[in-house]
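The values are calculated or read from the model by the stated rules, or taken from the named source; none is laboratory data. The structure presented is a predicted model; accordingly, all values stated were derived computationally and were not measured. Positions of Cβ are generated from backbone atoms using ideal geometry, with glycine treated the same way; all protein chains shown enter the neighbour counts. In case anyone asks, the SASA skips ligands and DNA or RNA and just uses the protein heavy atoms, side chains included. Shrake-Rupley method; radii C 1.70, N 1.55, O 1.52, S 1.80 Å.
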Amino acid sequence: MNHLFKIVKQKRKQLIIWLFEHSQRIYTSLFKNHKPWDVSKSELLKFPEPSFGRHLGEFLDKNNFELIPKVERHDCYHVLCGYSTKVEDEIALQCLCYGNGKRSPYLYGAILLGIAILPDYYKYYYKSFKTGKAAHAFHHFDFQKLLTVSISDFRAAIFPKHELVNLELA
């Protein structure tokens, strides 16, 4: 029975991954009108060691990613808040951003579907929401202008009284 639960859980995660992959392109083409950053992972990896930009490059390198044009800030959220790219962490990151004041149709969809499809992570999602609520607002920043900032100073300024939920990248 436990084996069956693991298989079902894995299929639910695969469904969410499929939804993320397909909805992202559509959402970006319909709702994102600004210019992409035009910064490569290799350029980010040349930033000084303690900088936010260098940590962003390392995050991309670790996950074998490049920045996705027009939604670069999403990867910045991962780096700032320390969430991995696991399905449950993607949803938890959206919950943190919601708690921080971010509002978008994509965010609402990710949270609603994530909680509906993976309710066993609800406590984690709620803790992430509370972390975002306790943090200073960051969802509106122009992260491209913050690439040279020290990652530790940046995190301390955003999360002064609250530990991050899942800081794998520190």
Within the range 117-132, identify whether any single residue is touching a residue at least 24 places away in the same chain (Cβ under 8 Å), under 25 Å from residue 40 (Cα atoms) and open to solvent by 20 Å² or more (accessible area, probe 1.4 Å), and answer yes or no.
no
Part of a helix (DSSP H, G or I), without any contact (Cβ under 8 Å) to a residue 40 or more places away in the chain and either buried (at least 19 other Cβ atoms within 10 Å of the Cβ) or among the β-branched types (Val, Ile, Thr) (or both): is that true of residue 75 in this structure?
yes
Look at residue 83 and say whether it is within 15 Å of the chain's Cα centre (by Cα) and either among the aromatic types (Phe, Trp, Tyr) or open to solvent by less than 50 Å² (accessible area, probe 1.4 Å) (or both).
yes
Within the range 133-151, how many residues are farther than 28 Å from residue 36 by Cβ and open to solvent by 70 Å² or more (accessible area, probe 1.4 Å)?
1
Condition broken by residue 1, with the remaining ones in (1) more than 19 Å from the chain's Cα centre (by Cα); (2) at pLDDT 85 or above; (3) within 22 Å of residue 117 (Cβ to Cβ) satisfied
(2)
Name every residue in the range 109-124 that is over 30 Å from residue 34 (Cα atoms) and not aliphatic (A, V, I, L, M), in order of residue number.
119, 120, 121, 122, 123, 124
Please determine whether any residue of the range 90-106 is open to solvent by 30 Å² or more (accessible area, probe 1.4 Å), more than 20 Å from residue 9 (Cβ to Cβ) and modelled with pLDDT under 95.
yes
Can you tell me which of 142, 89, 120 is acidic (Asp, Glu) and closer than 17 Å to residue 52 by Cβ?
142
